[in-house]
Structures are given as C-alpha cells and as structure tokens.
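The values are calculated or read from the model by the stated rules, or taken from the named source; none is laboratory data. Everything numeric here is computed off the predicted structure, so don't read it as measured data. Keep in mind that these areas ignore ligands, DNA and RNA; they rest on the heavy atoms of the full protein, side chains included. Shrake-Rupley method; radii C 1.70, N 1.55, O 1.52, S 1.80 Å.
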Amino acid sequence: MVNGARVSFNSATDEMTERDGGLIRFLLRERHGSPFEHGYFRFLVKAPIFVVREHHRHRAGHSYNEWSGRYSKLEAEFYVPEYVRTQVGKPGAYSFEPVDAATREATRREIEANAQRCFEAYERLLEQGIAKEVARAVLPLSTYTKYYWSCNPRSLMHFCSLRNSDQAQYEIQQYAVAAESFLEKLMPVTHAAFVENGRIAP
Ligand SMILES: Cc1cc2nc3c(=O)[nH]c(=O)nc-3n(C[C@H](O)[C@H](O)[C@H](O)COP(=O)(O)OP(=O)(O)OC[C@H]3O[C@@H](n4cnc5c(N)ncnc54)[C@H](O)[C@@H]3O)c2cc1C
C-alpha cells in the first residue's frame with residue numbers, strides 16, 4: 001500500500017517503518033483510496049443463498065465464482081438459525097430481540113422440516129428426469145452454496161464497514177466479522193487505521 005502511494009515521489013521501501021504507518025493512517029484519513037487496491041484476498045465461502053444475495057451486491061473491487069446448480073446437483077445442506085429473533089420498530093430502524101426458548105425451538109423445527117420437504121421434492125423431480133436448473137426452483141433460500149470471493153483491501157474495508165455493522169442482518173455480519181479478522185491479521189496497520197477512522201473505507 002505504502003509503495004503504491006510513494007510511487008508518486010518515485011520512491012519505495014522494502015520494510016514497514018513507523019513512518020509508513022503514519023502514511024497509511026494519512027491515506028485512510030484523507031480518503032486516498034487507490035493505494036489500498038494493491039492487495040489481494042481470496043476466500044472460499046460457504047453460505048446460505050439469502051446471505052449470498054446480500055454479499056453479491058458488493059460490486060466494486062469484488063469478484064465471485066459460484067458453484068452451479070445447473071451443472072451439478074445441490075447438496076441437501078441448509079441453514080437453520082441458532083439466533084431466532086423478533087423484530088420491533090419501523091422499517092429501516094428495526095431492532096431485534098431473541099424469542100423465548102419454546103418459540104425458538106418451534107421456529108427451528110419449522111425451518112428444518114420445510115427445507116427437508118423441499119429437498120425431497122428436488123430429489124423426486126430429478127428422478128423424473130427434470131433438469132437440475134429447473135428442479136432447483138423448489139429449494140429454499142436457506143440452501144448452502146459455495147463460491148470463491150476475491151477482493152482488495154479497499155473493497156474489503158468497504159464491505160466490512162457496511163456488513164460488520166449492527167445495521168446489517170445478523171447472518172451476513174458473521175461473515176463480515178470473519179473476513180475482517182483476516183484483514184486484521186494480515187494487514188494490522190491498515191486495519192487499525194480503518195478502525196481509528198470510524199470504520200469508513202477510504
Ligand atoms: C443494512 C443494509 C440494508 C440494505 N438494504 C437493501 C434493500 O433493502 N434493498 C436493496 O436493493 N439493497 C439493499 N442493500 C444493499 C445496498 O444498497 C448496496 O447495494 C450494498 O450495500 C453494496 O454497497 P455499495 O454499492 O456501496 O458497494 P459496491 O457495489 O462494492 O460499490 C462500492 C462503491 O463504488 C461506487 N459505485 C459502485 N457502483 C456504482 C455505480 N453504478 N454508480 C456510481 N457509483 C458506484 C459507490 O461509491 C459505492 O459505494 C442494503 C445494504 C445494507 C448494508
């Protein structure tokens with residue numbers, strides 16, 4: 001990142017110094033974002049389809065390649081939430097509260113039984129010779145899929161800013177927390193500057 005910025009002055013460094021840390025903090029604070037595009041993260045993500053729909057809205061600096069339900073049979077693996085909640089308040093300003101234990105269990109059973117029925121219908125359609133791309137229409141949004149996701153530090157920060165946030169749905173938040181932990185581990189100075197900057201991507 002630092003060399004991407006220093007090329008403006010035709011200079012480069014091989015080791016990270018305290019001065020370089022200062023430069024990173026300056027770039028982030030002043031929103032000089034392009035040096036943060038010289039990095040590369042690639043994740044193999046397994047997620048329910050409803051999470052993927054939210055994730056794939058992130059376009060700039062993100063690449064995705066996903067398992068195809070047209071070419072191969074989808075596995076009967078689906079998400080049953082642990083954190084079952086109710087929503088209170090108005091659209092755009094909801095808050096979420098856990099339900100009582102009995103309601104939680106009944107909800108989980110309902111979600112699980114429904115997904116099982118859907119996968120049974122999927123199998124029946126495949127057995128009748130229906131194309132995979134058609135038969136998958138019976139599957140629920142909770143079905144797991146997997147995909148490669150590549151991004152750069154700048155686009156990763158933007159994703160984390162929006163999705164590792166209380167405003168985002170709980171499930172995608174968990175993915176954003178995990179992705180951010182890699183940013184923190186691999187680019188600690190950049191991550192610290194991002195946090196210091198109010199978690200706004202440059
Ligand atoms: C809490 C939350 C609730 C949401 N609710 C909804 C919803 O109800 N319905 C819905 O449809 N979506 C919803 N979204 C998705 C949201 O509108 C964005 O599509 C998503 O967060 C990706 O953000 P982005 O466009 O900034 O990211 P990216 O696509 O990665 O773009 C990054 C940045 O590049 C620039 N950019 C990218 N493309 C363009 C362009 N075409 N023109 C100009 N500038 C561009 C913008 O500055 C943008 O911020 C929600 C997102 C969140 C976090």
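The table below gives the values:
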quantity	calculated
Solvent-accessible heavy-atom area per residue, rounded to whole Å², over segment 53-202 at 1.4 Å	60 Å²
Computed Kirkwood radius, in angstrom, where 1/r is averaged over Cα pairs of segment 98-149	12.8 Å
Lysines whose Cα lies under 20 Å from that of Lys73, excluding same-chain neighbours fewer than 8 positions away	Lys46, Lys132, Lys146
Accessible surface of the chain [probe 1.4 Å, protein heavy atoms]: carbon and sulfur percent	51 percent
Intensity falloff of the chain expressed as log10 I(q)/I(0), Debye formula with alpha-carbon point scatterers, at q = 0.16 Å⁻¹	-1.06
